[in-house]
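Here the structure comes first, spelled out in structure tokens, and everything after it is commentary.
The values are calculated or read from the model by the stated rules, or taken from the named source; none is laboratory data. If you're wondering where the values come from, they're calculated on a predicted model, not measured in any experiment. Ideal geometry is used to build each Cβ from the backbone, glycine not excepted, and the neighbour counts take in all protein chains shown.
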Amino acid sequence: MSDPINIGEKVIEGKTKIVFKLPDSPNGGHVLIRSKDRITAGDGARANEMIGKAEISTSTATSIFGLLNECGVPTHYVRRHSAKEFIALHCHMIPIEFVTRRVATGSFLRRHPGVKEGYRFCPPLLEYFFKDDANHDPQWSYEQLVEAKLDIGGVVIGANEIAQINHMTACIFEILERAWSVTDCSLIDMKIEFGVVNATKEIVLADIIDNDSWRLWPSGDRRLQKDKQVYRDMKEITAEGLAVVKKNFEWVAEQAKKLSRPITGRVAILMGSAKDAGHVSAIAKVLQSLGVHVEQHVCSAHKGTVDTLKVLARYEGDDVSTVLIAVAGRSNGLGPVLAGNTILPVINCPPWSESAGSLDAWSSLRLPSGLGCSTVLSTDGAALCAAQMLASNKENSTLWGRLRARQVMMKVSLLQDDAKIQ
Ligand SMILES: Nc1ncnc2c1ncn2[C@@H]1O[C@H](COP(=O)(O)OP(=O)(O)OP(=O)(O)O)[C@@H](O)[C@H]1O
Ligand SMILES: [Mg+2]
């Protein structure tokens with residue numbers, strides 16, 4: 001059951017979705033996107049009714065948008081409204097399909113004879129296709145896109161805006177690729193669309209990402225493909241063939257629900273004295289903003305060696321991935337003692353003292369041989385370093401996504417600042 005909602009006039013109707021205004025939303029800035037029970041291919045040349053497709057597609061799209069929003073990627077998605085509908089920010093759409101490829105297949109092979117299927121693009125390859133069904137969505141070069149100077153709701157899509165979109169596109173692909181790889185599915189390629197939010201003029205991921213937006217090969221094996229390619233490849237449409245396609249779409253929708261995974265692992269911050277609590281809380285804040293579980297202890301390697309090793313033993317006594325951060329002023333015995341007694345990664349993050357910081361730092365840097373701890377002076381840096389260690393665990397794909405989006409959005413925000421001062 002969905003809450004009652006005042007649906008306004010139709011904004012646009014396409015082959016698979018209808019968009020309606022929502023006059024009672026904040027400043028009327030939201031739209032309702034309703035999916036149809038319809039599957040199409042070949043720019044609409046092939047089209048079939050498929051009962052249940054709208055619900056399956058909405059389920060996949062809202063799972064994907066949920067994950068991307070959780071990671072901090074800007075999207076138009078607000079919330080799911082009903083089985084076949086979701087609420088989004090009203091956008092002016094950029095009429096370009098932004099395609100990302102990890103593995104060469106399909107149309108790329110036809111356009112690039114000599115390249116074998118399976119060639120891996122590192123980094124993923126980006127391509128642009130102008131949305132024009134009548135002309136079969138022609139490919140555009142970067143130069144064509146820049147020169148088109150598309151005016152989208154007052155924002156001209158120039159070099160700066162394209163750079164922002166390129167960063168976001170690659171980031172979205174990588175986040176989804178990693179999330180899918182946990183279930184042993186290879187994301188081969190992906191096509192997405194961006195819009196300019198009417199109200200804020202921000203460029204965001206819009207339209208939908210569903211099983212029509214990518215190639216998805218379980219175990220990296222094309223013969224096992226689960227995406228819409230199965231429908232495109234059908235020589236003639238049969239009821240049995242459509243049933244297989246629908247089953248694949250359902251399977252993908254179910255798997256997509258699991259793509260946003262709980263963040264696993266923990267960071268234990270050990271401080272030599274309770275006086276270091278302020279420094280520790282600055283580290284903890286960054287980790288908690290990423291969703292990482294943090295525990296704190298007061299223990300001194302110099303004055304309470306046995307008790308410190310007991311704390312360490314607790315972190316070694318279960319199966320939870322753990323990164324240790326040692327916070328100790330003056331002479332940092334804590335980090336090096338931990339590093340000499342555990343295989344868990346240890347990061348020293350000594351609080352900086354104005355009077356003797358440069359002397360104190362040597363106790364973290366000049367270590368006895370055979371110790372493998374690292375030292376990061378900034379609280380931000382230590383937290384990010386610890387989070388990146390946890391994110392190297394393949395299961396931690398949501399944490400990886402949050403870190404990647406944070407990194408990429410720094411690049412995007414620099415570009416936005418650059419655009420403002422021009
Ligand atoms: N947040 C949004 N605000 C306004 N329009 C949107 C938004 N998200 C998607 N749209 C537009 O909704 C339309 C309907 O989608 P649908 O995918 O059914 O169209 P289509 O037949 O595939 O045509 P197209 O080739 O334009 O995608 C598309 O033109 C899409 O750009
Ligand atoms: Mg479309």
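Can you spot a residue in the stretch 91-104 that is hydroxyl-bearing (S, T, Y), away from ligand 2 (no atom under 16 Å from the Cβ) and out of contact with any Pro (no Cβ under 9 Å at 6 or more places or on another chain)? So far as the stretch 91-104 goes, no, none of its residues is hydroxyl-bearing (S, T, Y), away from ligand 2 (no atom under 16 Å from the Cβ) and out of contact with any Pro (no Cβ under 9 Å at 6 or more places or on another chain). When G195 is tested against the conditions (1) in contact with a Cys (Cβ under 7 Å, 6 or more places away or on another chain); (2) within 26 Å of I33 (Cβ to Cβ); (3) away from ligand 1 (no atom under 16 Å from the Cβ), the lone failure is (3).
Being crowded, with 23+ Cβ neighbours inside 10 Å, outside any helix (DSSP H, G or I) and in contact (Cβ under 8 Å) with a residue 60 or more places away in the chain: is that true of N332 here? Spell out the reasoning first.
On the way: crowded, with 23+ Cβ neighbours inside 10 Å: yes; outside any helix (DSSP H, G or I): yes; in contact (Cβ under 8 Å) with a residue 60 or more places away in the chain: yes.
Yes, satisfied.
Just a yes or no: is a residue in the stretch 3-15 among the small types (G, A, S) and either within 13 Å of ligand 1 (Cβ to nearest atom) or over 28 Å from the mean Cα position of the chain (by Cα) (or both)? Yes, some residue in the stretch 3-15 is among the small types (G, A, S) and either within 13 Å of ligand 1 (Cβ to nearest atom) or over 28 Å from the mean Cα position of the chain (by Cα) (or both). Considering only the stretch 343-380, how many residues are under 33 Å from the mean Cα position of the chain (by Cα), assigned to a loop (DSSP other than H, G, I, E, B) and surrounded by fewer than 18 Cβ atoms within 10 Å (Cβ to Cβ)? Residues that pass the stated criteria total 5. May I ask you to list pairs of residues, at least six apart or on different chains, whose Cβ atoms are under 7 Å apart, with the first in the stretch 11-38 being farther than 30 Å from K246 by Cβ and the second being within 10 Å of ligand 1 (Cβ to nearest atom) and of a type in the set (K, R)? As it stands, the answer is G28/K21, since those pairs meet every condition given.
Quick check on this structure: which one of V230, V286, V292, V267 is in contact with a helix residue (DSSP H, G or I) (Cβ under 8 Å, 6 or more places away or on another chain) and under 28 Å from D210 (Cβ atoms)? Among V230, V286, V292, V267, only V230 is in contact with a helix residue (DSSP H, G or I) (Cβ under 8 Å, 6 or more places away or on another chain) and under 28 Å from D210 (Cβ atoms).
For the stretch 51-76, give me the residue count where each residue is closer than 19 Å to G8 by Cα and either more than 16 Å from ligand 2 (Cβ to nearest atom) or out of contact with any Gly (no Cβ under 9 Å at 6 or more places or on another chain) (or both).
Going through the stretch 51-76, the residues closer than 19 Å to G8 by Cα turn out to be 76.
Checking the rest, the ones that are also either more than 16 Å from ligand 2 (Cβ to nearest atom) or out of contact with any Gly (no Cβ under 9 Å at 6 or more places or on another chain) (or both) come to none.
Total meeting the criteria: 0.
Restricting to the stretch 27-38, and then to whatever is more than 12 Å from ligand 2 (Cβ to nearest atom) and surrounded by 18 or more Cβ atoms within 10 Å (Cβ to Cβ), can you tell me which residue is nearest to E85 (Cα to Cα)? If you could, list the steps in order and put the result at the bottom.
Initial filter on the stretch 27-38 (more than 12 Å from ligand 2 (Cβ to nearest atom)): 27-32, 34, 37.
Filter again for surrounded by 18 or more Cβ atoms within 10 Å (Cβ to Cβ), leaving 30-32, 34.
Details: H30: 13, V31: 10, L32: 7, R34: 4 Å.
Ranking the qualifying residues of the stretch 27-38, first place goes to R34.
Exactly one residue among I56, I64 is more than 30 Å from S413 (Cβ to Cβ), of a type in the set (A, V, I, L, M, F, W, C) and either touching a residue at least 24 places away in the same chain (Cβ under 8 Å) or surrounded by fewer than 16 Cβ atoms within 10 Å (Cβ to Cβ) (or both), and that residue is I56. Listed by first and then second residue, the pairs with beta-carbon distance under 6 Å, at least 6 apart or on different chains, first residue in the stretch 179-191 and among the hydrophobic types (A, V, I, L, M, F, W, C), second in a helix (DSSP H, G or I), are A179/S397; V182/S397; L187/L176; L187/E177; L187/W180; M190/F173.
Screening the stretch 203-213 for residues that are assigned to a loop (DSSP other than H, G, I, E, B) and not charged (D, E, K, R) and picking the one that is farthest from ligand 1 (Cβ to nearest atom) gives N211.
When we screen E70, E147 for residues that are closer than 25 Å to W400 by Cβ, assigned to a helix (DSSP H, G or I) and either modelled with pLDDT under 95 or more than 16 Å from ligand 1 (Cβ to nearest atom) (or both), the only hit is E70.
Report yes if R222 is in the same structural domain as P138 (by TED's automatic domain parsing), over 24 Å from the mean Cα position of the chain (by Cα) and not hydroxyl-bearing (S, T, Y), otherwise no. Lay out the reasoning, then the answer.
Details: in the same structural domain as P138 (by TED's automatic domain parsing): yes; over 24 Å from the mean Cα position of the chain (by Cα): yes; not hydroxyl-bearing (S, T, Y): yes.
Taking the combined requirement at face value, the residue satisfies it.
In this entry, V320 is excluded by the filter for residues that are within 15 Å of M389 (Cα to Cα) and without any contact (Cβ under 8 Å) to a residue 40 or more places away in the chain.
Screening the candidates E97, E174, E161, E117 for the property of being crowded, with 18+ Cβ neighbours inside 10 Å, on the phi < 0 side of the Ramachandran plot, in contact with a Gly (Cβ under 9 Å, 6 or more places away or on another chain) and touching a residue at least 60 places away in the same chain (Cβ under 8 Å) yields one hit, E174. Which residue out of L216, L242 is crowded, with 16+ Cβ neighbours inside 10 Å and part of a strand (DSSP E or B)? From the options L216, L242, the qualifying one is L216. Considering Q288, Q296, Q255, the condition of being of a type outside the set (A, V, I, L, M), part of a helix (DSSP H, G or I) and over 30 Å from R223 (Cβ atoms) is satisfied by Q288 alone.
Inside the stretch 339-397, can you point out the residues that are of a type in the set (K, R) and without any contact (Cβ under 8 Å) to a residue 24 or more places away in the chain? R366, the sole residue that qualifies. Checked across the stretch 3-26, the condition of being in contact with a Phe, Trp or Tyr (Cβ under 7 Å, 6 or more places away or on another chain), within 16 Å of ligand 2 (Cβ to nearest atom), under 22 Å from T75 (Cβ atoms) and part of a strand (DSSP E or B) holds for at least one residue.
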